[in-house]
1. So which residues in segment 99-112 are surrounded by fewer than 18 Cβ atoms within 10 Å (Cβ to Cβ) and either closer than 18 Å to T78 by Cβ or touching a Lys or Arg at 6+ places or on another chain (Cβ under 6 Å) (or both)?
2. Given E238, E209, E183, which one is assigned to a strand (DSSP E or B), charged (D, E, K, R) and within 24 Å of D285 (Cβ to Cβ)?
3. If I filter segment 69-81 for residues that are assigned to a loop (DSSP other than H, G, I, E, B) and surrounded by 13 or more Cβ atoms within 10 Å (Cβ to Cβ), do I get at least one hit?
4. Suppose we keep only residues that are at pLDDT 95 or above and part of a loop (DSSP other than H, G, I, E, B) within segment 24-34. Which one would you say is farthest from the chain's Cα centre (by Cα)?
5. Does any residue in segment 132-144 that is polar (S, T, N, Q) come within less than 7 Å, Cβ to Cβ, of a residue that is buried (at least 17 other Cβ atoms within 10 Å of the Cβ) and assigned to a loop (DSSP other than H, G, I, E, B) six or more places away or on a different chain, and which pairs are these?
6. Can you confirm whether segment 308-320 contains a residue that is of a type in the set (A, V, I, L, M), in contact (Cβ under 8 Å) with a residue 60 or more places away in the chain, within 17 Å of N235 (Cβ to Cβ) and assigned to a loop (DSSP other than H, G, I, E, B)?
7. Is it true that N47 is without any contact (Cβ under 8 Å) to a residue 12 or more places away in the chain and not in a strand (DSSP E or B)?
8. In segment 1-40, how many residues are within 25 Å of F288 (Cβ to Cβ) and surrounded by fewer than 21 Cβ atoms within 10 Å (Cβ to Cβ)?
Amino acid sequence: MKVAIIGAGASGLMLANKLEKLNIDYTIFNDGKIGRKILASGNGRCNISNRNLSAEYYYGSEVAERLIHRFKDELFDTFKELKIYTKDDSEGRMYPLSESSLSVLNALTINLKGEIVDLKVTEITKKNDKYYINHRSEAFDYVAIGIGSPSGLKNKPDYSVVESIGVRMNEFKPSLVGFKLRENVKAISGVRAKATVALYSGGILIHEEKGEVVFKDDGISGICIMNLSGYYNHNFMEEPVLRVSLVDEEYDSYLTVLNPKMLEYVEKNKLDPTDLRFNIKGTYDFEFSQVSSGGVDVSSLRRNLSTVDDGHIFFMGEVIDTDGICGGFNLSFAFLSAIQVSEAIKNEISD
(Lines give C-alpha, C1' and ligand atoms only; values in the text may rest on other atoms or scores of the structure.)
Protein backbone atom coordinates (compact mmCIF):
# COMPACT_ATOMS: atom_id res chain seq x y z
CA MET A 1 0.00 0.00 0.00
CA LYS A 2 1.47 3.34 -1.05
CA VAL A 3 0.26 6.94 -1.15
CA ALA A 4 1.40 9.74 -3.47
CA ILE A 5 1.30 13.10 -1.71
CA ILE A 6 1.33 16.05 -4.12
CA GLY A 7 2.65 19.13 -2.33
CA ALA A 8 4.93 19.54 0.69
CA GLY A 9 2.99 22.28 2.39
CA ALA A 10 1.07 22.18 5.68
CA SER A 11 -1.44 19.54 4.55
CA GLY A 12 1.11 17.37 2.74
CA LEU A 13 3.54 17.31 5.66
CA MET A 14 0.79 16.64 8.20
CA LEU A 15 -0.52 13.74 6.11
CA ALA A 16 2.99 12.31 5.80
CA ASN A 17 3.35 12.36 9.59
CA LYS A 18 -0.01 10.64 10.01
CA LEU A 19 0.96 7.95 7.48
CA GLU A 20 4.26 7.42 9.30
CA LYS A 21 2.30 6.64 12.45
CA LEU A 22 0.11 4.19 10.49
CA ASN A 23 3.18 2.54 8.86
CA ILE A 24 1.86 3.36 5.39
CA ASP A 25 4.41 4.02 2.64
CA TYR A 26 4.29 7.32 0.78
CA THR A 27 6.24 9.56 -1.56
CA ILE A 28 5.93 13.35 -1.51
CA PHE A 29 6.14 15.18 -4.84
CA ASN A 30 6.82 18.89 -4.44
CA ASP A 31 7.63 21.71 -6.83
CA GLY A 32 9.79 24.35 -5.14
CA LYS A 33 10.36 25.22 -1.51
CA ILE A 34 9.11 22.85 1.17
CA GLY A 35 6.71 24.41 3.70
CA ARG A 36 6.71 27.84 2.08
CA LYS A 37 3.42 28.99 3.64
CA ILE A 38 4.43 27.62 7.03
CA LEU A 39 7.62 29.67 6.97
CA ALA A 40 5.71 32.82 6.01
CA SER A 41 2.97 32.39 8.62
CA GLY A 42 2.74 34.95 11.40
CA ASN A 43 5.55 37.04 9.90
CA GLY A 44 7.96 34.18 10.58
CA ARG A 45 6.53 33.35 14.02
CA CYS A 46 4.09 30.73 12.62
CA ASN A 47 0.52 31.33 13.73
CA ILE A 48 -0.07 27.60 13.64
CA SER A 49 -3.72 27.53 14.78
CA ASN A 50 -6.23 29.23 17.04
CA ARG A 51 -7.45 28.07 20.45
CA ASN A 52 -10.91 29.41 19.53
CA LEU A 53 -11.09 27.30 16.37
CA SER A 54 -14.68 27.44 15.14
CA ALA A 55 -16.62 27.23 11.88
CA GLU A 56 -17.84 30.82 12.29
CA TYR A 57 -14.46 32.04 11.01
CA TYR A 58 -14.82 30.31 7.62
CA TYR A 59 -17.62 32.27 5.89
CA GLY A 60 -20.21 29.54 6.47
CA SER A 61 -18.15 26.61 5.15
CA GLU A 62 -19.86 23.29 5.85
CA VAL A 63 -16.59 21.43 5.22
CA ALA A 64 -14.72 23.49 7.81
CA GLU A 65 -17.53 23.00 10.31
CA ARG A 66 -17.46 19.22 9.87
CA LEU A 67 -13.68 18.91 10.10
CA ILE A 68 -13.46 21.11 13.19
CA HIS A 69 -16.22 19.13 14.91
CA ARG A 70 -14.51 15.81 14.19
CA PHE A 71 -10.82 16.58 14.44
CA LYS A 72 -10.18 19.73 16.49
CA ASP A 73 -9.08 17.81 19.58
CA GLU A 74 -6.98 15.44 17.51
CA LEU A 75 -5.25 18.41 15.85
CA PHE A 76 -4.14 19.87 19.17
CA ASP A 77 -3.10 16.42 20.40
CA THR A 78 -1.09 15.91 17.20
CA PHE A 79 0.85 19.12 17.86
CA LYS A 80 1.93 17.65 21.19
CA GLU A 81 2.83 14.31 19.56
CA LEU A 82 5.02 16.20 17.08
CA LYS A 83 6.65 18.09 20.00
CA ILE A 84 5.17 21.37 18.78
CA TYR A 85 4.58 23.17 22.06
CA THR A 86 2.52 26.33 21.79
CA LYS A 87 1.41 29.48 23.58
CA ASP A 88 -1.66 31.63 22.96
CA ASP A 89 -2.00 35.37 22.60
CA SER A 90 -4.97 37.38 23.88
CA GLU A 91 -7.06 36.51 20.81
CA GLY A 92 -6.35 32.79 20.90
CA ARG A 93 -3.70 32.75 18.18
CA MET A 94 -1.37 29.82 18.80
CA TYR A 95 2.40 30.16 18.23
CA PRO A 96 5.28 27.77 18.94
CA LEU A 97 7.18 28.65 22.10
CA SER A 98 10.21 29.34 19.89
CA GLU A 99 8.21 31.94 17.90
CA SER A 100 9.98 30.49 14.87
CA SER A 101 8.24 29.15 11.75
CA LEU A 102 11.39 27.21 10.90
CA SER A 103 11.16 25.25 14.14
CA VAL A 104 7.60 24.19 13.21
CA LEU A 105 8.75 23.11 9.76
CA ASN A 106 11.58 21.14 11.36
CA ALA A 107 9.12 19.41 13.68
CA LEU A 108 6.94 18.45 10.72
CA THR A 109 9.85 17.01 8.71
CA ILE A 110 12.27 15.53 11.27
CA ASN A 111 10.51 12.15 11.51
CA LEU A 112 9.65 11.70 7.84
CA LYS A 113 11.22 8.65 6.20
CA GLY A 114 9.38 8.80 2.89
CA GLU A 115 11.08 10.16 -0.22
CA ILE A 116 10.54 13.80 -1.20
CA VAL A 117 10.84 14.22 -4.97
CA ASP A 118 11.40 17.67 -6.47
CA LEU A 119 8.92 17.47 -9.32
CA LYS A 120 6.19 19.59 -10.87
CA VAL A 121 3.24 17.21 -11.17
CA THR A 122 1.12 17.91 -14.23
CA GLU A 123 -0.75 14.65 -14.74
CA ILE A 124 -2.08 11.67 -12.83
CA THR A 125 -3.03 8.61 -14.83
CA LYS A 126 -4.83 5.46 -13.70
CA LYS A 127 -4.20 1.93 -14.96
CA ASN A 128 -5.39 -1.32 -13.38
CA ASP A 129 -6.48 0.52 -10.22
CA LYS A 130 -3.01 2.01 -9.77
CA TYR A 131 -2.01 5.68 -10.10
CA TYR A 132 1.05 7.02 -11.92
CA ILE A 133 2.58 10.48 -11.53
CA ASN A 134 3.72 12.15 -14.76
CA HIS A 135 3.90 8.65 -16.33
CA ARG A 136 6.67 7.59 -13.96
CA SER A 137 7.04 3.86 -13.32
CA GLU A 138 6.21 3.96 -9.59
CA ALA A 139 2.62 2.88 -8.86
CA PHE A 140 0.43 4.21 -6.06
CA ASP A 141 -2.81 3.06 -4.44
CA TYR A 142 -3.93 6.52 -3.29
CA VAL A 143 -3.23 10.10 -4.29
CA ALA A 144 -3.60 13.13 -1.97
CA ILE A 145 -3.30 16.57 -3.57
CA GLY A 146 -2.38 19.58 -1.45
CA ILE A 147 -0.80 21.97 -3.93
CA GLY A 148 -2.04 25.16 -2.30
CA SER A 149 -3.37 28.37 -3.82
CA PRO A 150 -1.78 31.21 -5.84
CA SER A 151 -1.43 33.41 -2.74
CA GLY A 152 2.01 34.80 -2.00
CA LEU A 153 3.20 34.03 -5.53
CA LYS A 154 4.03 36.38 -8.41
CA ASN A 155 2.98 33.80 -10.97
CA LYS A 156 -0.12 31.63 -10.69
CA PRO A 157 0.73 27.93 -10.27
CA ASP A 158 -0.09 25.33 -12.90
CA TYR A 159 -3.25 23.48 -11.94
CA SER A 160 -3.20 21.11 -14.90
CA VAL A 161 -2.93 18.17 -12.49
CA VAL A 162 -6.35 19.12 -11.10
CA GLU A 163 -7.74 19.47 -14.59
CA SER A 164 -6.38 16.01 -15.48
CA ILE A 165 -8.61 14.55 -12.75
CA GLY A 166 -11.67 16.39 -14.03
CA VAL A 167 -12.97 17.99 -10.82
CA ARG A 168 -14.70 21.36 -10.90
CA MET A 169 -12.62 24.37 -9.87
CA ASN A 170 -13.94 27.80 -8.89
CA GLU A 171 -11.94 30.87 -9.85
CA PHE A 172 -9.20 31.78 -7.37
CA LYS A 173 -9.38 35.31 -5.93
CA PRO A 174 -6.84 37.00 -3.61
CA SER A 175 -8.11 36.98 -0.03
CA LEU A 176 -6.72 38.26 3.26
CA VAL A 177 -5.34 41.10 1.19
CA GLY A 178 -5.50 44.90 1.07
CA PHE A 179 -7.96 47.00 -0.93
CA LYS A 180 -7.11 49.27 -3.81
CA LEU A 181 -9.07 52.52 -3.52
CA ARG A 182 -10.45 54.82 -6.20
CA GLU A 183 -9.58 57.92 -4.19
CA ASN A 184 -6.07 59.40 -4.27
CA VAL A 185 -4.59 58.51 -0.87
CA LYS A 186 -0.91 58.88 -1.73
CA ALA A 187 -0.65 61.88 0.63
CA ILE A 188 -1.31 59.58 3.62
CA SER A 189 0.75 56.63 2.40
CA GLY A 190 2.52 55.00 5.35
CA VAL A 191 0.10 56.34 7.97
CA ARG A 192 -0.94 53.75 10.56
CA ALA A 193 -3.99 54.24 12.74
CA LYS A 194 -6.36 52.37 15.02
CA ALA A 195 -9.78 52.39 13.39
CA THR A 196 -13.19 50.84 13.03
CA VAL A 197 -13.65 49.70 9.44
CA ALA A 198 -16.90 48.67 7.78
CA LEU A 199 -17.58 47.14 4.36
CA TYR A 200 -20.74 48.19 2.54
CA SER A 201 -22.36 46.92 -0.64
CA GLY A 202 -25.09 49.06 -2.19
CA GLY A 203 -25.42 50.88 1.12
CA ILE A 204 -25.88 47.64 3.10
CA LEU A 205 -23.41 46.74 5.86
CA ILE A 206 -21.59 43.48 5.07
CA HIS A 207 -19.09 43.32 7.94
CA GLU A 208 -17.36 45.54 10.49
CA GLU A 209 -14.11 45.13 12.44
CA LYS A 210 -11.71 47.07 14.61
CA GLY A 211 -7.93 47.10 14.28
CA GLU A 212 -4.92 48.87 12.85
CA VAL A 213 -5.05 50.10 9.25
CA VAL A 214 -2.12 51.04 7.05
CA PHE A 215 -2.55 53.40 4.11
CA LYS A 216 -0.57 52.74 0.94
CA ASP A 217 0.07 54.77 -2.22
CA ASP A 218 -3.14 53.52 -3.81
CA GLY A 219 -5.00 51.66 -1.08
CA ILE A 220 -5.28 50.38 2.47
CA SER A 221 -4.22 47.27 4.38
CA GLY A 222 -4.01 45.82 7.89
CA ILE A 223 -5.41 42.67 9.52
CA CYS A 224 -8.93 44.07 9.86
CA ILE A 225 -8.88 45.13 6.20
CA MET A 226 -7.64 41.67 5.18
CA ASN A 227 -10.53 40.07 7.01
CA LEU A 228 -12.96 42.36 5.19
CA SER A 229 -11.44 41.22 1.88
CA GLY A 230 -12.74 37.73 2.61
CA TYR A 231 -16.28 39.06 2.95
CA TYR A 232 -15.67 41.10 -0.21
CA ASN A 233 -14.91 37.86 -2.08
CA HIS A 234 -17.72 35.80 -0.57
CA ASN A 235 -20.50 38.31 -1.29
CA PHE A 236 -21.90 39.90 -4.42
CA MET A 237 -20.61 43.47 -4.17
CA GLU A 238 -22.52 46.40 -5.63
CA GLU A 239 -20.64 49.70 -5.51
CA PRO A 240 -18.47 48.54 -2.59
CA VAL A 241 -17.58 51.22 -0.07
CA LEU A 242 -15.17 51.15 2.87
CA ARG A 243 -16.06 53.37 5.82
CA VAL A 244 -13.23 54.15 8.25
CA SER A 245 -13.71 55.74 11.65
CA LEU A 246 -10.41 57.00 13.05
CA VAL A 247 -11.92 58.26 16.31
CA ASP A 248 -14.86 57.20 18.47
CA GLU A 249 -15.98 60.73 19.21
CA GLU A 250 -15.77 64.22 17.79
CA TYR A 251 -13.18 66.73 19.07
CA ASP A 252 -13.07 70.49 18.72
CA SER A 253 -9.46 70.02 17.55
CA TYR A 254 -7.73 66.97 16.05
CA LEU A 255 -4.24 68.47 16.31
CA THR A 256 -3.06 65.93 18.88
CA VAL A 257 -5.58 63.24 17.92
CA LEU A 258 -4.64 62.43 14.32
CA ASN A 259 -1.31 61.75 12.66
CA PRO A 260 -0.12 65.07 11.16
CA LYS A 261 -0.25 63.68 7.59
CA MET A 262 -3.76 62.41 8.21
CA LEU A 263 -4.83 65.68 9.80
CA GLU A 264 -3.63 67.62 6.75
CA TYR A 265 -5.43 65.17 4.42
CA VAL A 266 -8.69 65.41 6.37
CA GLU A 267 -8.63 69.21 6.59
CA LYS A 268 -7.61 69.71 2.95
CA ASN A 269 -10.44 67.48 1.68
CA LYS A 270 -12.95 68.65 4.34
CA LEU A 271 -13.53 65.09 5.60
CA ASP A 272 -15.06 63.77 8.81
CA PRO A 273 -12.46 61.59 10.65
CA THR A 274 -15.28 59.70 12.36
CA ASP A 275 -16.57 58.54 8.97
CA LEU A 276 -14.07 58.52 6.10
CA ARG A 277 -15.57 56.91 2.99
CA PHE A 278 -13.55 55.24 0.25
CA ASN A 279 -14.75 53.55 -2.93
CA ILE A 280 -13.14 50.14 -3.38
CA LYS A 281 -11.54 49.58 -6.77
CA GLY A 282 -10.54 45.98 -6.05
CA THR A 283 -7.93 44.03 -4.11
CA TYR A 284 -4.18 43.74 -4.50
CA ASP A 285 -2.86 40.79 -6.49
CA PHE A 286 -2.20 37.22 -5.32
CA GLU A 287 1.42 38.10 -4.58
CA PHE A 288 0.28 40.28 -1.67
CA SER A 289 -2.43 37.96 -0.33
CA GLN A 290 -2.17 35.47 2.51
CA VAL A 291 -4.74 33.01 1.15
CA SER A 292 -7.17 32.75 -1.75
CA SER A 293 -10.86 32.08 -2.04
CA GLY A 294 -11.76 29.64 -4.80
CA GLY A 295 -10.29 26.28 -5.75
CA VAL A 296 -11.72 22.77 -5.99
CA ASP A 297 -15.49 23.01 -5.61
CA VAL A 298 -16.62 21.11 -2.50
CA SER A 299 -19.49 19.64 -4.52
CA SER A 300 -16.82 17.62 -6.38
CA LEU A 301 -15.69 16.01 -3.11
CA ARG A 302 -17.14 13.38 -0.79
CA ARG A 303 -17.34 13.97 2.94
CA ASN A 304 -13.93 12.33 3.39
CA LEU A 305 -12.43 14.74 0.78
CA SER A 306 -12.00 12.10 -1.92
CA THR A 307 -13.42 13.00 -5.31
CA VAL A 308 -16.98 12.05 -6.18
CA ASP A 309 -15.73 10.04 -9.17
CA ASP A 310 -12.75 8.33 -7.52
CA GLY A 311 -12.57 7.38 -3.84
CA HIS A 312 -8.78 6.98 -3.95
CA ILE A 313 -7.96 10.56 -5.00
CA PHE A 314 -8.15 13.21 -2.26
CA PHE A 315 -7.74 16.97 -1.99
CA MET A 316 -6.41 18.87 1.04
CA GLY A 317 -5.70 22.40 2.22
CA GLU A 318 -5.86 25.65 0.28
CA VAL A 319 -6.56 24.04 -3.08
CA ILE A 320 -10.06 23.32 -1.73
CA ASP A 321 -12.53 26.20 -2.00
CA THR A 322 -12.58 26.92 1.75
CA ASP A 323 -10.85 29.85 3.42
CA GLY A 324 -11.00 31.66 6.74
CA ILE A 325 -10.04 34.94 8.37
CA CYS A 326 -6.63 35.85 9.82
CA GLY A 327 -5.56 34.19 13.04
CA GLY A 328 -4.30 30.70 12.26
CA PHE A 329 -7.55 29.45 10.75
CA ASN A 330 -6.21 28.68 7.29
CA LEU A 331 -3.25 26.63 8.50
CA SER A 332 -5.73 24.86 10.79
CA PHE A 333 -7.90 23.91 7.83
CA ALA A 334 -4.88 22.54 5.96
CA PHE A 335 -3.91 20.39 8.96
CA LEU A 336 -7.50 19.26 9.61
CA SER A 337 -8.05 18.24 5.99
CA ALA A 338 -4.87 16.13 6.11
CA ILE A 339 -6.12 14.40 9.28
CA GLN A 340 -9.39 13.64 7.48
CA VAL A 341 -7.55 12.11 4.52
CA SER A 342 -5.38 9.96 6.78
CA GLU A 343 -8.52 8.79 8.59
CA ALA A 344 -10.20 7.88 5.29
CA ILE A 345 -7.20 5.89 4.07
CA LYS A 346 -6.86 4.12 7.43
CA ASN A 347 -10.55 3.17 7.44
CA GLU A 348 -10.46 1.80 3.90
CA ILE A 349 -7.38 -0.29 4.62
CA SER A 350 -9.02 -1.62 7.79
CA ASP A 351 -12.17 -2.55 5.86
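1. Correct list: E99, S103, N106, T109, I110, N111, L112.
2. So the residue among E238, E209, E183 that is assigned to a strand (DSSP E or B), charged (D, E, K, R) and within 24 Å of D285 (Cβ to Cβ) is E209.
3. Step one: of segment 69-81, the residues assigned to a loop (DSSP other than H, G, I, E, B) are none.
There is no residue in segment 69-81 that is assigned to a loop (DSSP other than H, G, I, E, B) and surrounded by 13 or more Cβ atoms within 10 Å (Cβ to Cβ).
4. I24
5. Listed pairs, sorted by first residue: N134/V121.
6. Checked against the condition, which is being of a type in the set (A, V, I, L, M), in contact (Cβ under 8 Å) with a residue 60 or more places away in the chain, within 17 Å of N235 (Cβ to Cβ) and assigned to a loop (DSSP other than H, G, I, E, B), segment 308-320 yields no hits at all.
7. Criteria not met by N47.
8. 7
The values are calculated or read from the model by the stated rules, or taken from the named source; none is laboratory data. Just so you know, these numbers come straight off a predicted model, no measurement behind them. No Cβ is skipped: glycine too gets one built from the backbone with ideal geometry, and neighbour counts run over all protein chains shown.
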